[in-house]
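The values are calculated or read from the model by the stated rules, or taken from the named source; none is laboratory data. From a predicted model like this one, the values you see are computed outputs, not experimental measurements. Positions of Cβ are generated from backbone atoms using ideal geometry, with glycine treated the same way; all protein chains shown enter the neighbour counts. The protein model used for the area step is the full one, side chains on, heavy atoms only, and it has no ligands, DNA or RNA in it. Shrake-Rupley method; radii C 1.70, N 1.55, O 1.52, S 1.80 Å.
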Amino acid sequence: MNASSADGPAQGGPAAFGTSLHPWSRYVAMGDSFTEGVGDPEPGSPGGLRGWADRVAEELSAGHEDFAYANLAVRGLLLHQILTEQVGPALDLRPDLITLNAGGNDLLFHRSDPDKLALELDAGVKVLAATGATILLFAGPDWGATPVLGHTRGKVAIFNENMRIIAARHDAVIADLWSLRQLTNPQMWDRDRLHFSPLGQHTIAMMVLDTLNVPHTLEPMIPKALPPRSWREARADDIVWAREHLVPWVLQRLTQRLADDNRHPKRPDPGPVFGAEMPPGTYVGTVPHSETEPLGN
């Protein structure tokens, strides 16, 4: 079930899905450093990074006891590598929601042709869309005011327009970073000016959830902290999850592993966002407002 087409608003939310809020139970994120969460360090998250995809999954898990999330993104990958290395594993996970961001490294650092990139992306999206999962794609941000990278602005714009055609062709959803003007705020960016800061990741997560028309508890300029857990609680969660879910899954996929090339996604297998013993979404809305301070005006 798709949340929307490229030409209309998403059809999710309480009006469409009643008390369940949204229809998805297994979310797989695909991409490069943008989706991996580089720029948003979090020791309590797998791989030491959080990012917009984790933040989206945290909200999607609220009220969904069976919700599972996997993140296959690996920093530095080009579009062809993302499609080659991640489409197969993503299909194996049988998601009903897929987010895909690819092509940024090609355009920014390899001077690739945006039209040729779009042809390859179209073929990959076609395969993913054939599963019936909701597919969410990203229109790239406006780099116009960014030193050095500003010269790619025209190519990014062309790629974005091609992506809208791809989305319309395959009934996908577009999360439009170009129109997200909040990203012009320097606070939204990491010190490297290539990746988004925790505030930027939080802002993008809000935009993704709004694009999917999913009610959420995120507030502008106030990134939400992860819920605290003791070491003992975390270990208990790990043991339960490994026994009931991870071991059977690994046994099933032993012959399907890709060759080890020292690049590993931080969440290769779908699992509970907060651990097996912590009901999904339990922390949502529980942090007193006074404990968080707005980051800017």
(message) Positive end of the dipole of region 53-112, charges at C-beta (+1 Lys, Arg; -1 Asp, Glu), about the Cα centre: which of Gly88, Gly103, Phe67 has its Cα farthest in that direction?
(response) Gly103
(request) For region 28-75, just the Cα atoms, rotate onto the principal axes and tell me the three extents in Å, largest first. (result) 30, 21, 13
(message) If Rh is defined by the Kirkwood formula over all Cα pairs and Rg also comes from Cα, what ratio Rg/Rh do you get for region 38-155?
(response) 0.98
(request) Figure the gain on full extension for Glu65 and Glu161 (residue separation times 0.36 nm, minus the Cα-Cα span) and round it to one decimal in nm. (result) 30.8 nm
(message) So, R0 is 25 Å and r is the distance between the beta-carbons of Thr217 and Ala168; what FRET efficiency does that work out to, to 0.05?
(response) 0.20
(request) Considering only protein heavy atoms, with the full assembly of protein chains and a 1.4 angstrom probe, order Phe196, Phe109 by accessible area, largest first. (result) Phe109, Phe196
(message) Whole-Hz ³J(HN,Hα) for each residue in region 52-61, computed from phi via Karplus 6.51 cos²θ - 1.76 cosθ + 1.60 with θ = phi - 60°, x for glycine and proline: what do you get?
(response) 5, 5, 4, 5, 5, 4, 4, 6, 5, 6
(message) What is the sum of charges, Lys and Arg at +1 and Asp and Glu at -1, for the other residues whose Cβ falls under 11 Å from the Cβ of Trp24?
(response) -1
(request) Leaving ligands, DNA and RNA out of it, report the carbon-plus-sulfur percent of the accessible area of region 104-211 at a 1.4 Å probe. (result) 56 percent
(request) Over all alpha-carbon pairs in region 89-163, figure out the percentage whose distance exceeds 19 Å. (result) 40 percent
(request) Determine the sum of side-chain charges near Pro41: Lys and Arg each +1, Asp and Glu each -1, restricted to other residues whose C-beta is under 15 angstrom from that of Pro41. (result) -1
(message) Tell me the net charge near Asp142. Cut-off is 10 Å between Cβ atoms, Asp142 excluded, with +1 for each Lys or Arg and -1 for each Asp or Glu.
(response) +2
(request) Could you give the C-alpha radius of gyration of region 134-209 expressed as a fraction of 2.2 N^0.38 Å, taking N as the number of residues it contains? (result) 1.13
(request) Using a 1.4 angstrom probe on the protein heavy atoms only, line up Lys126, Lys224 by accessible area, largest first. (result) Lys126, Lys224
(message) For the ranges 115-123, 53-61, what's the packing order if you count other beta-carbon atoms within 10 Å of each residue, average per peptide, and put the highest first?
(response) 53-61, 115-123
(request) Search the structure for amide H atoms under 5 Å from the amide H of Ala175, placed 1.01 Å from N in the peptide plane, and list their residues when 5 or more places away or on another chain. (result) Leu137, Phe138, Ala139
(request) Compare Thr134, Thr217 by solvent-accessible area with a 1.4 Å probe and give them largest first, with all protein chains kept in place. (result) Thr217, Thr134
